[in-house]
Amino acid sequence: MIRHTTTPVVTPLSIGPSAAASAPQLHREFRTDEFWRDIPGWSDVTEAEFGNHLWQSKNSVINLKQVRQVLGTRVPDSFFTDVEAGLRKAPMNIRITPYVFALIDWDNPTDDPLRKQFLPLGSQMLPDHPFYLADSLAEDTDAPVPMLTHRYPDKVLFLPLTTCPVYCSYCTRSRIIGGSTETVEKDTYGANKEKWEAAFEYLRQSPQVEDVVISGGDAFNMTATHLTHIGENLLAIPHIRRLRVATKGIAILPQKILTDDKWVGAFLAIHKRAHEMGKQVYIHTHFSSPREITKWSAMAMQRLYAEHVIVRNQAVLQAGVNDKIETLSLLTKQLSWMNLQPYYVYQHDMVPGCEHLRTPLGVGIELEKQLRGTTAGFHVPTFVCDAPGGGGKRHIASHEHYNPETGVSVWRAPRVKPGRLFLYFDPLHALSPEMQKRWTVQAEREAMVRDAIHQVEPNLGGEQAKMIEDLLQIAVH
Ligand code: SF4
């Protein structure tokens, strides 16, 4: 087995000076080595094979047996036992492209930020927060027709399929994405043109809507024909001005942008058609760690950039993945170097199976403070908390009240749900031992929530009071 102990670097975009010799310019350095050859099962795979999207999809790792087969004796048996325990609790199945799988540091998978995103370890998982919700953002509640969430006045979220090229442990839609698991039964659905008609018709009849996020699921899992069908139908609606195609693909399967000419051709045709109509089509992707970035990412971005495609990034803040300023700063600058706009950093949603990945609100606020000023303002991502219960994205420091000791924060969303309050909770493991103890007592946690609300709204009444009472009933532990 060939072991690559050093990481050759290049400046893959011909748009800047070589920085290989300049240590502080790490963001300009991209892996070029054949890192996959460190994986026993892929030690003979050529660069041409590894660079082909079909090879990547065919060799994606989708169960523990395959994890074992590909890794062989590269990791101790105890690692597989730990993953097995994780999968018994996790709401997401395994699906990892060879590209991401091979970027994991298999000398230390326990602490690796990529492993943490895709392969749960039972030893690291924690009980869910008492106020977690499977549909934490109330996307189903705000759905006027199936597959469509309409929360903001002029924007909708369209979920045309619920499969992806990888399955992320932190997925906010773990209730529907990626097939049933031992803990969650799901109504996963693939692309199906007939079933999208109700969403198109709703949008034709909703003149206030100008912006459609096409998410899921992942647009990489649509055929070129499906992508064209959705693009043409939506662009044909006069008041729809902007489409955002959401895919994690550039981060975890950049080879598709480089070798799937049919899919890329379909996307570029929609992009061009939109431009001719005076409309816009963007790609929104989610890199969470600089470790996901290699020359393949840069080459994929170069192809899109050459075609004038604007790509924006939405990262999710995750403990042990990107919750250090050095990591976030490197990620931000490296994305910018590739002409990929850092758009959002999300506070982790309060969904099941993710407690070990969540960070306190205060961490996000501090990171935002630290990150601002490291580069041009238009490339500093906005840190947001998507208010549980359907308040929508709020700037992370715009809470009405936050008590870092109890971990309770209170939010308003005046233009989205006027008059309502929303609550977000820090992960319990980040609180002091005394506070964690308080949280085990139902009366105590109710008192903490009521106190936080009282700070914002001393005379709560009517529907709002009922909603809070309902929320307090949700607590499951
Ligand atoms: S790619 Fe997106 S939708 Fe798919 S599992 Fe990951 S976070 Fe969820």
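Structure notes:
- For peptides 378-386, 431-439, sequence by mean Cβ density within 10 Å, most packed first: 378-386, 431-439
- The overall shape of segment 366-477 is oblate: from the C-alpha gyration tensor, with semi-axes ordered a ≥ b ≥ c, the ratio a/c is 1.5 or greater and a/b is no larger than b/c.
- The chain - mean residue ellipticity at 222 nm from DSSP helices (-39,500 (n - 2.57) per run, n ≥ 4, rounded to 500): -9500 deg cm²/dmol
- Efficiency of FRET between R242 and L64 - r from beta-carbon atoms, R0 51 angstrom, step 0.05: 0.80
- By the count of other C-beta atoms within 10 Å, a proxy for reagent exposure, S206, S43 are ordered fewest to most as S43, S206.
- Taking every alpha-carbon pair under 8 Å whose residues sit at least 6 apart, the chain reaches a relative contact order of 14 percent.
- Set K279/K333; K295/K324; K333/K417; K65/K89; K58/K262 screened for pairs whose C-alpha atoms are more than 26 Å apart: K279/K333; K333/K417
- Amide H to amide H, with H built 1.01 Å from N, R151 comes under 5 Å of L157, counting only residues 5 or more places away or on other chains.
- Vicinal HN-Hα couplings computed from phi for segment 61-71 (Karplus, 6.51 cos²θ - 1.76 cosθ + 1.60; Hz; Gly/Pro x): 8, 10, 7, 5, 4, 5, 4, 5, 4, 6, 8
- Anisotropy class of segment 1-359 from Cα gyration tensor, a/c 1.5 cut: oblate
- Neighbourhood charge, 12 Å Cβ-Cβ cut-off, centred on W36 and excluding it, Lys, Arg +1 and Asp, Glu -1: -4
- Whole-Hz couplings from phi, Karplus 6.51/-1.76/1.60, listed for segment 223-236; x for Gly and Pro: 6, 4, 5, 5, 4, 4, 4, 5, x, 5, 5, 6, 5, 6
Coordinate-derived values only; no laboratory data. What you see is a predicted model, and the numbers here were worked out from it, not measured in a lab. Ideal geometry is used to build each Cβ from the backbone, glycine not excepted, and the neighbour counts take in all protein chains shown.
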